[in-house]
Amino acid sequence: MRQHGMTVTRAALRDEVHKLAETAFHRHLISGHGDSEYPDKYQIVYQGKPKHLLLRDAYNFLNRLMSNR
């Protein structure tokens, strides 16, 4: 049961990261984003370089990026 709850939380976090990335993309703060080839990571293209970040790190990165602009 605990595993199922972690999966739901991970899915919710992935959805939130995706929404933040879409906003950052439309504000021209990043040039691309999407699911990473690595499990539990999200890819963000920033300054022309792809970054594969853990979901929590991607969430924090995008929030910081948008709060500085």
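Observations on the model:
- Residues that are surrounded by 17 or more Cβ atoms within 10 Å (Cβ to Cβ) and not hydrophobic (A, V, I, L, M, F, W, C), drawn from region 56-69: 59
- Residues that are surrounded by 17 or more Cβ atoms within 10 Å (Cβ to Cβ) and not hydroxyl-bearing (Ser, Thr, Tyr) were ranked within region 30-40; the one that is farthest from the chain's Cα centre (by Cα) is 30.
- Applying the criterion of being at pLDDT below 95 and out of contact with any helix residue (DSSP H, G or I) (no Cβ under 9 Å at 6 or more places or on another chain) to the residues of region 56-68, the residue that is nearest to residue 23 (Cα to Cα) is 67.
- Flag for residue 53 being surrounded by 13 or more Cβ atoms within 10 Å (Cβ to Cβ), modelled with pLDDT of 95 or more and assigned to a loop (DSSP other than H, G, I, E, B): no
The values are calculated or read from the model by the stated rules, or taken from the named source; none is laboratory data. None of the values given here were measured: they were computed from a predicted structure. FYI the Cβ positions are ideal-geometry reconstructions off the backbone, even for glycines, and counts take in every protein chain you see.
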